[in-house]
1. Please list the three semi-axes, largest first and in whole Å, of the ellipsoid equivalent to segment A:230-292, using sqrt of 5 times the eigenvalues of its alpha carbon gyration tensor.
2. Return the single residue from B:339, B:303, B:268 with maximal mean-square fluctuation; model: Gaussian network over chain B, springs between Cα atoms under 10 Å.
3. Select from A:44, A:136, A:291 the residue whose mean-square fluctuation is largest in a Gaussian network model of chain A (Cα-Cα springs shorter than 10 Å).
4. Please check: in the Gaussian network model of chain B (C-alpha springs, under 10 Å), which one of B:79, B:283, B:329 has the largest mean-square fluctuation.
5. For chain A, what does -39500 (n - 2.57) per DSSP helix run (n ≥ 4), summed and divided by total residues, give at 222 nm, in deg cm²/dmol to the nearest 500?
6. Just to confirm my numbers, what's the Cα centroid distance between segment B:250-281 and segment A:48-103 in Å?
7. Could you give the alpha-carbon Rg of segment B:73-123 over 2.2 N^0.38 Å, rounded to two decimals?
8. Taking Cα centroids, how far is segment A:288-307 from segment B:210-238 in Å?
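Please treat every number below as a calculation from the coordinates, not as lab data. None of the values given here were measured: they were computed from a predicted structure. In this analysis, Cβ positions are derived from the backbone assuming ideal geometry, glycine residues included, and neighbour counts consider all displayed protein chains.
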């Protein structure tokens, strides 16, 4: 018996919560006849459980999603009450261990196998919800998801897939999970990334680029030269060759494959630089009276632009290649960012891209 | 006898140039009593030799620098004449081979050992000028510089060092030369980068960061974990630990060390993203009448900001650790960018940072 069924424990740590429901019977609802059920790990992020619970409340209101809150029952109940929510109308899975950002990711397998993250992953693996969302330790979520949820047969390794919000959306994978992948993982990433762009982002014929330090075929490390050669002969993708960092914002490709270390550097640099430039613009509009007048004139457009480059608008990134939807929300997600990550989980679960990857892999 | 002394050859390929001087006697002039002499490879860049010669003319006018133009004599003479320059007042070293962007970098050692780039490098190595500038093939320039100019004794490998123009200047090294360095190169980069920031950029106590995909010590690949451990025990630097891409624009460190592959991805991503965001802003100011009015109000400030993020303003990047100043100008440099790269070469030669590195390495 898993801890998440332990109603007595829940009542003990949270006496106010006597009537709280533990997990209800759950049937998958991909046909869309009823609302999606999202399992949410509310612990171990940069922000408190209270902030993430707020995000869950927003998502429930906005998308009509059912949420299962996994984490410290006391904190969850307090946060619900503080926001005027009735505890009885929420499903809570109480846990008493947390994996932190500083913990070794591998610890999710043993020392922290009963952490909120591990339990939330087992819940989605057991079919207790349509998707799982966490804003915690990325490495631990990756190892846990691979161990508890498993990859789709034929997929060598799941990849963290992030959308870059440029002239057109670019899917970057791997963006931080596989820091030292083998070359054939990259061919896998190209295939599953192309399917994601087709099914979820409606790109008819996604172009695949290999991130590299130059356009020429001989560029890069031995790993990247080998990856280039392998991608050239990979069937079922439209490989256009190497893509440099400077060309990524201009829609050089739809799917950008790379190792997770380099992908993470690219993702965070793009995030930091766009935020930095936007801040300079904002300062320009505040510098003097004339600047302020100009700022008022373009206020609406400037706000829309700021929103466009705000990572919190994108919420999270799916681990592509897993048999169930697992979404990594940004580590410093606030309520709004978490709400958006939940929305992404719903979209991902609804599109049936996992079934599509399964079919493709069976054929291959 | 090197080809660059062959006056007859020069007259043959460029009959108009009968009176052109070949290389004059040259004495180093680091004491600043006379103008600097910069050896310029005008071939093998994205733009034509004519465009680069224009940059040389601008630099001569603006900084009073003496320039030695190395490349196709016909193209050089035509470009000088077209810009109203008297050929007789320029030093030209005619060459008849070029290393292109597509050539294997290693070819500078044999097949292209008499290319304009190789000859320009040998000139600076032989003491025929204070510094050498090229906008050609980065890899070839690195291999050529290492072979012809040599590293300062004690420096394991030279690094391409680029300034990132953020809230404060950040020196990124390596930014593209050593795509697969060994870990001890990174400790070297930290030492020479710190000296550069002290002597050239007047940063009193430069902070050194290691680029990584997370702040925690255990983050990154095996290579980066090893580099972290080595930097922690490297004397003479102020190592502050791992730095993520998102924190680089906010002055997390003054010197950012990494392998050349990842550094190049960071550099080009930062360049592409800042340019992309600036373009969006520019479009906002052009979208309608009110936008245009706002644009006029902040025109001067917006222009200054555009200039700030324009890589062409920074011109080039030095190969730190070499016994002579060698500056890599941006591959797609126009005349203005090349002029700025020449300015950087002058500054670099004047500050005496090479002597400072020599002294430090002798002590170590």
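1. 37, 13, 7
2. B:303
3. Among A:44, A:136, A:291, the largest GNM mean-square fluctuation belongs to A:291.
4. B:283
5. Counting only the DSSP helices, I get -13000 deg cm²/dmol.
6. Distance between centres, Cα-based: 37 Å.
7. Taking the Cα Rg and dividing by 2.2 N^0.38 Å, one obtains 1.35.
8. 42 Å
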